[in-house]
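Colleague: This is the structure, below, for whatever I ask next.
Read-outs throughout are calculated quantities, based only on the coordinates presented, and are distinct from any laboratory measurement. Keep in mind it's a predicted model, so treat the numbers as computed, not measured. Every residue, glycine as well, gets a Cβ built from its backbone with ideal geometry; the counts of neighbours run over all protein chains shown.
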Amino acid sequence: MMQRQHKGRRVLRLALLACCLPFLTYGPPPAHGLEKYGRPLPSMDEPNHETREEEETLFGGYLLTGAFVKNPTFAARPDNTGLVGMRHMLHLETDLYKQYLTFYTDQNFFSDRTNGWITLSEWDATFAFTGVIDRFNWRLQYEHDAPLDRRGLKQAYADALVTARFQATQDFTWWRRTFPNQNLTAYAGAGWLFHNSQYFARPNNTGRALFRYVAHADLDLYKNKVVLYADTNLFTDREANNTLNPTELDWIVGIALRWKDTELAFYREEDRPLDQAGLVQKYYAVQLRFAFDVSKGAMERVGLRR
């Protein structure tokens, strides 16, 4: 038990280090690009909420819209043209077998601020199967990114990802003693892009991504109504001499304010190369998210069960 606890502490500290890496290495300076898939957002469930394991979800997800209030370099199309003005996203998911097998899709749309803020310029479509076993999550995902307002470069990949999840207030005595009123949840893991059609290993569209290393942390500052979150994503290049060394670092840090099923978030994202000089993409954004969820049990309780 003690060995497992010590191992868990090491992994959590590594996850926190990965989330803080951008600030430790670069400070909060300039930048350029980003990975535009639907990034992991802080969960809107209560930290100790176990309903997902007890009751199957019939249908759920969220609607999201955001404005890139400051965007010097984040491109509005896969070929790195334009600058994103708005982002709109629909996330849908359904449990196929409890929490062990879930299907979800993310539909991400971007507009180009240099061509007006309304007309859509890019569509990123993601389809995935995912599941939870104890504190481990797995995912098989396919993503396709394409321009909408003109012909141009399309990107696609399929990957497998495994992460380990930790909750400090339950798993680590040192956190409970030091921060008794703040709950920290985190995960870290690695993935393999086993199919890659022009999905690049750097923000300047060079190389081809092979492996990814991820870490994510949510710090509950006040009753799951004020949440600080951070996310890192590192890619390696299958065309490099060492395919294990990261060639790109994408990071995001933000704060989310919740009221019931609604969330207002302010965040910054930055993508930069690690093994050479080159394009860095960055932006600041504000976004509004509305979550919805319908469980099978709820449908029975409102009249489908006699």
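Colleague: Could I have the simple spin-label model distance between SER197 and VAL69, label points 7 Å from Cα toward Cβ, reported in nm to one decimal?
Modeller: For the pair SER197/VAL69, the computed spacing is 3.8 nm.
Colleague: From Cα coordinates alone, what are the radius of gyration and Dmax values for segment 87-221 in angstrom?
Modeller: 18.4, 57
Colleague: For the cross-link pairs LYS98/LYS260; LYS98/LYS282; LYS260/LYS282; LYS154/LYS282, which exceed 32 Å when the distance is taken from alpha carbon to alpha carbon?
Modeller: Numbers: LYS98/LYS260 24 Å; LYS98/LYS282 38 Å; LYS260/LYS282 30 Å; LYS154/LYS282 21 Å.
Those over the limit are LYS98/LYS282.
Colleague: Next question. Each residue of segment 196-212 in turn: what ³J(HN,Hα) in whole Hz from Karplus with 6.51, -1.76, 1.60 and θ = phi - 60°, glycine and Pro shown as x?
Modeller: Residue by residue, segment 196-212 yields 9, 10, 6, 9, 7, 9, 8, x, 8, 6, 10, x, 9, 5, 10, 10, 10 Hz.
Colleague: Roughly how many Å is it from the Cα centre of segment 215-239 to that of segment 106-133, as a whole number?
Modeller: Distance between centres, Cα-based: 20 Å.
Colleague: Here's a follow-up. Over all directions, how big on average is the projection of the convex hull of the alpha-carbon atoms in segment 182-306, in square nanometres?
Modeller: Details: hull surface 44.5 nm².
Reported value for the Cα convex hull: 11.1 nm².
Colleague: Ok, one more. Could you give the length gained on full extension between ARG150 and LEU92, defined as 0.36 nm per residue of separation minus the Cα-Cα distance, in nm?
Modeller: Numbers: separation 58, 0.36 × 58 = 20.88 nm, distance 2.74 nm.
Going from the current span to full extension adds 18.1 nm.
Colleague: Subtract the Cα-Cα distance of ALA164 and TRP123 from 0.36 nm times their separation in residues, and report this length gain in nm to one decimal. Write out the running numbers ahead of the final one.
Modeller: Working: separation 41, 0.36 × 41 = 14.76 nm, distance 3.02 nm.
Extra length available between ALA164 and TRP123 comes to 11.7 nm.
Colleague: Plugging the Kirkwood radius over Cα pairs into Stokes-Einstein for segment 52-126, at a temperature of 10 °C and a viscosity of 1.306 mPa s, what D comes out in µm²/s? Spell out each step's value before the answer.
Modeller: Numbers: Rh = 13.9 Å.
Value of D from the Cα-based Kirkwood radius: 115 µm²/s.
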